[in-house]
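These notes concern the structure reproduced below.
Here, each number is a calculation from the coordinates, and none is a lab measurement. Small disclaimer: the values here were computed from a predicted structure and weren't measured. Ideal geometry is used to build each Cβ from the backbone, glycine not excepted, and the neighbour counts take in all protein chains shown.
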Amino acid sequence: MPCTIVVGAQWGDEGKGKIIDILSADADIIVRYQGGNNAGHTVVIGDKEFILHLIPSGILHKGKMCIIGNGLVVDPEALLKEISMLREKGIEVDGNLLVSESAHVIFPYHKVIDKRRGAQIGTTGRGIGPCYVDKMARCGIRMADLVNKELLRKKLKANLEGSREFDFDEIYDAYIDYGRKIQKYFTNVSLFLNKAILKNKRILFEGAQGTLLDIDHGTYPYVTSSSSTAGGALTGTGVGPTKIDKVIGVVKAYTTRVGEGPFPTEFKKDLMEKIRSKGKEFGATTGRPRRCGWFDAVIVRHAVNVNGLSEIVVTKLDVLDEMEKIKICTGYKYKGKIYNDFPADLVVLENCTLIYEEYKGWMRDTTAIRSFKELPKNAKAYLERMSKLLGVKIGMVSVGSKRKQAFRI
Ligand code: IMP
């Protein structure tokens with residue numbers, strides 16, 4: 001384990017929360033490196049369900065250090081709410097949480113801009129994109145600025161100049177108060193992690209969203225505004241590439257996406273409703289119904305390359321239990337040309353016809369299965385074909401939302 005990155009290999013919602021929760025048992029430190037409270041990581045422990053948006057899912061294990069890296073954009077109000085929610089459910093955060101002083105801060109104006117401009121993309125409306133815009137435009141406000149009264153005043157004044165929509169004093173006072181409450185978690189994340197690496201601590205880098213939502217490698221512009229791929233784990237925490245031992249990609253046994261944008265293998269109505277209800281495919285952050293489709297090996301092969309995946313974890317295999325036939329997309333066809341590799345041109349993705357392989361389903365309940373060898377023959381064949389098409393091994397399979405419903409291979 002020493003330094004393992006976990007990324008989503010599709011459009012997010014692959015079930016990373018549960019997998020991170022399982023892997024956290026063997027980690028000392030869990031760190032998020034990008035995104036913000038647009039993410040929603042669901043973990044079910046016993047009869048309690050936790051949905052975490054900002055704090056790494058590792059917080060649900062006692063005694064693990066959980067870190068919010070510099071690559072995130074943090075809504076302090078949402079962070080404080082999440083801390084309170086965890087406390088109410090009996091989970092102590094103090095002593096187990098650190099927040100980078102360099103993470104950027106989401107302000108009310110970011111959320112308003114996001115709701116106005118983000119509609120076309122179908123953003124979560126949490127202000128993520130506009131906050132990253134300010135970061136890149138070098139007018140962003142960072143966590144450390146919240147405890148520097150003069151600097152915050154100056155920066156906020158400049159950002160609100162000419163605006164009649166927002167009340168400077170109201171925002172300033174609220175954010176000074178947030179800074180006062182969050183300051184105790186501040187740290188230099190890069191320094192902390194590099195010292196921990198020297199002491200051989202086991203670190204898990206928790207990616208949010210997924211490869212196809214990455215600002216550089218996703219289906220641009222229908223993406224989020226951060227680097228959700230493995231490279232983001234380095235820039236988003238200040239750890240160098242030579243320190244990383246393993247990159248795990250989490251994939252769903254089929255495909256989903258929330259929001260707008262191309263989705264070649266998307267189901268038609270009947271299958272859509274069947275899988276959506278069986279897989280409970282509704283956004284953990286916005287509650288929006290997720291679009292569902294067949295497993296697309298082209299996009300996951302792209303994720304294997306972009307992230308340098310060492311292995312994959314396949315989640316929600318059980319959702320396919322009642323399917324008589326199951327398809328895997330292995331390529332696209334557009335204007336007579338066959339694409340076995342992910343095309344950057346959205347026109348191809350939006351207008352291609354699909355090349356499918358069809359498999360017989362297994363028509364058996366897999367939710368109580370705890371090893372690869374117990375799986376029905378057709379389920380094994382499906383996973384083996386998936387692994388062959390992707391060129392990586394499968395390290396773990398998940399067959400339900402509970403912690404125990406997963407097994408390593
Ligand atoms: P934003 O991240 O709120 O800017 O939204 C940009 C796109 O990413 C939209 O299509 C969202 O639905 C999608 N998105 C953002 N976060 C997640 C996530 O955690 N899971 C799945 N989709 C997400």
- Item | Eligible aspartates and glutamates near Lys199 by straight Cα distance, threshold 13 Å, same-chain separation 8 or greater | Asp28
- Around Val247, which amide H atoms from residues at least 5 apart in sequence, or from another chain, sit under 5 Å from its own amide H, with H modelled in the peptide plane? Ile5, Ser310, Glu311
- When the Karplus curve 6.51 cos²θ - 1.76 cosθ + 1.60 is applied with θ = phi - 60°, which whole-Hz ³J(HN,Hα) does each residue of segment 273-288 get, with x for Gly and Pro? 5, 4, 6, 4, 7, 5, x, 6, 8, 10, x, 6, 9, 10, x, 5
- Item | Stretch gain in nm, segment Lys149-Ala78, where the contour uses 0.36 nm per residue and the Cα spacing is subtracted | 23.4 nm
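If you take every DSSP beta bridge whose two residues both sit in segment 222-376, what share of them, in percent to the nearest 5, is antiparallel? Intermediate results must be reported in sequence, preceding the final value.
Working: 16 of 23 bridges.
In segment 222-376, approximately 70 percent of DSSP beta bridges are antiparallel ones.
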- Message: If I stretch the segment between Lys269 and Met136 completely, what's the gain in nm (0.36 nm per residue apart, minus their alpha carbon distance), one decimal?
- Response: 43.8 nm
- May I ask what percent, to the nearest 5, of DSSP beta bridges between residues of segment 53-205 are antiparallel? 10
- Item | Principal axes of the chain: Cα extent on each, largest first, Å | 66, 47, 40
- Message: Apply the Karplus curve 6.51 cos²θ - 1.76 cosθ + 1.60, θ = phi - 60°, to the phi angles in segment 210-223 and return the couplings in whole Hz, x for Gly and Pro.
- Response: x, 4, 6, 9, 5, 4, 9, 10, x, 8, 4, x, 7, 9
- Simple spin-label estimate for Asp26 and Asp173 in nanometres, 7 Å along Cα-Cβ: 5.2
